[in-house]
1. So, in the range 177-206, how many residues would count as being under 11 Å from residue 252 (Cβ atoms), part of a loop (DSSP other than H, G, I, E, B) and in contact with a strand residue (DSSP E or B) (Cβ under 8 Å, 6 or more places away or on another chain)?
2. Quick one: in the range 123-148, which of the residues that are open to solvent by 90 Å² or more (accessible area, probe 1.4 Å) and among the charged types (D, E, K, R) is farthest from residue 106 (Cα to Cα)?
3. Report whether or not residue 59 is at pLDDT below 75 and surrounded by fewer than 10 Cβ atoms within 10 Å (Cβ to Cβ).
4. In the range 272-286, which residues are surrounded by 19 or more Cβ atoms within 10 Å (Cβ to Cβ) and at pLDDT below 95?
5. Return yes or no: is residue 89 more than 19 Å from residue 264 (Cα to Cα), in contact with a helix residue (DSSP H, G or I) (Cβ under 8 Å, 6 or more places away or on another chain) and at pLDDT 90 or above?
6. When you scan the range 152-162, do you find a residue that is open to solvent by 30 Å² or more (accessible area, probe 1.4 Å), in contact (Cβ under 8 Å) with a residue 40 or more places away in the chain, over 23 Å from residue 280 (Cα atoms) and in a loop (DSSP other than H, G, I, E, B), even just one?
7. With (1) open to solvent by less than 20 Å² (accessible area, probe 1.4 Å); (2) in contact with a Gly (Cβ under 9 Å, 6 or more places away or on another chain); (3) without any contact (Cβ under 8 Å) to a residue 12 or more places away in the chain as the list, and residue 252 as the residue in question, which single condition is left unmet?
8. Of the conditions (1) of a type outside the set (Val, Ile, Thr); (2) open to solvent by 80 Å² or more (accessible area, probe 1.4 Å); (3) modelled with pLDDT of 80 or more, residue 74 clears all except one; give me its number.
Amino acid sequence: IYGDRTSTSTLYTSEDIDFLAGIARQVTIGLVNARLMEEQKAKLVMEAELDVARDIQRRLFPRELPVDDRIIVAALNEPGRTVSGDYYDVIEFDDGRVAFLIADVSGKGVAAALLMSNLQAAVRLTLADSGDPADAMRRWNTLLYTNTDSSKFVTCVACVIDTSARTLTFTLAGHQAPFVLRGSDETPVELSMEPELPLGVVEHVDFKSKTVGLGDGPCTIFCYSDGVVEAMNSAHELFGDERMRLALAESADAPPNLFLRKMRKALSSFTRDAEQSDDITMLAAKVL
């Protein structure tokens with residue numbers, strides 16, 4: 001604010017200065033409010049775009065999961081942010097086999113979600129075509145290595161269940177191995193296999209698969225992302241493998257939907273009011 005007088009014979013009085021200072025304050029408040037309003041508008045636009053992105057991403061997940069007299073599948077995905085870097089999918093083959101996978105993209109937010117959608121398109125084309133998780137994993141690795149830089153990679157577990165032969169074939173790319181649960185009176189069994197590198201790290205990886213028998217009687221196969229075991233409470237303690245195994249044993253007899261609800265409740269009871277730091281994805285497939 002600039003003030004001037006028509007004569008130099010008089011000085012500004014304290015009242016004059018207070019008046020000009022009052023005007024300056026009002027102008028400042030108006031400018032700050034205008035800037036905050038513009039920032040709020042930009043924030044609302046960004047939130048609307050993220051809501052659209054989340055809705056599009058939600059549609060990429062399978063809308064219906066297998067439920068019949070052979071197998072029942074349920075899944076849960078909760079993003080740490082508006083959009084998720086985790087991805088799960090389930091594919092039914094004409095011969096009765098069922099394939100499913102969980103993938104975890106490095107990083108969080110929109111960048112991870114975009115890479116996830118790229119993987120989803122590849123999964124639907126390749127896994128349904130070959131039915132071999134190791135062969136499909138090799139093709140996904142080539143795609144991600146070609147289309148991303150070295151800072152982006154994806155861990156993945158891919159499984160195929162043959163309900164007639166009662167076998168599970170699985171492949172790991174830097175991901176946690178699946179568990180097999182047979183009931184609350186038996187210890188959850190983690191399937192052992194040396195995992196290969198995550199997808200997209202190096203160009204050529206010779207992924208291998210492993211086939212295990214599921215035996216007689218009902219059993220549940222459980223897959224998960226690291227957001228489960230790495231969930232933290234307010235004291236910065238991790239949920240960890242041991243707590244997860246205890247929760248698995250306590251939930252083993254439940255049907256898949258209830259099984260996942262119990263697992264999520266155990267996780268929430270541990271973390272309480274602590275902010276969710278990572279995407280959480282779980283999948284349970286019960287072979288009857």
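The values are calculated or read from the model by the stated rules, or taken from the named source; none is laboratory data. Remember, predicted model here, so these are calculated numbers, not experimental data. We place every Cβ from the backbone using ideal geometry, glycine too, and count neighbours over all the protein chains shown. When the accessible area is computed, the model is the full protein with side chains, heavy atoms only, and any ligands, DNA or RNA have been set aside. Shrake-Rupley method; radii C 1.70, N 1.55, O 1.52, S 1.80 Å.
1. Summing the residues that are under 11 Å from residue 252 (Cβ atoms), part of a loop (DSSP other than H, G, I, E, B) and in contact with a strand residue (DSSP E or B) (Cβ under 8 Å, 6 or more places away or on another chain) in the range 177-206 gives 2.
2. Within the range 123-148, the match that is farthest from residue 106 (Cα to Cα) is 129.
3. yes
4. 278, 279, 280, 281
5. On the way: more than 19 Å from residue 264 (Cα to Cα): yes; in contact with a helix residue (DSSP H, G or I) (Cβ under 8 Å, 6 or more places away or on another chain): yes; at pLDDT 90 or above: yes.
It is true that residue 89 is more than 19 Å from residue 264 (Cα to Cα), in contact with a helix residue (DSSP H, G or I) (Cβ under 8 Å, 6 or more places away or on another chain) and at pLDDT 90 or above.
6. Pass one, the range 152-162, residues open to solvent by 30 Å² or more (accessible area, probe 1.4 Å): 152-153, 162.
If we keep only those that are in contact (Cβ under 8 Å) with a residue 40 or more places away in the chain too, we end up with 152-153, 162.
Adding the requirement that they be over 23 Å from residue 280 (Cα atoms) leaves 162.
Narrowing further to those that are in a loop (DSSP other than H, G, I, E, B): none.
No, the range 152-162 has no match at all.
7. Evaluating residue 252 over (1) open to solvent by less than 20 Å² (accessible area, probe 1.4 Å); (2) in contact with a Gly (Cβ under 9 Å, 6 or more places away or on another chain); (3) without any contact (Cβ under 8 Å) to a residue 12 or more places away in the chain leaves (3) as the failure.
8. (2)
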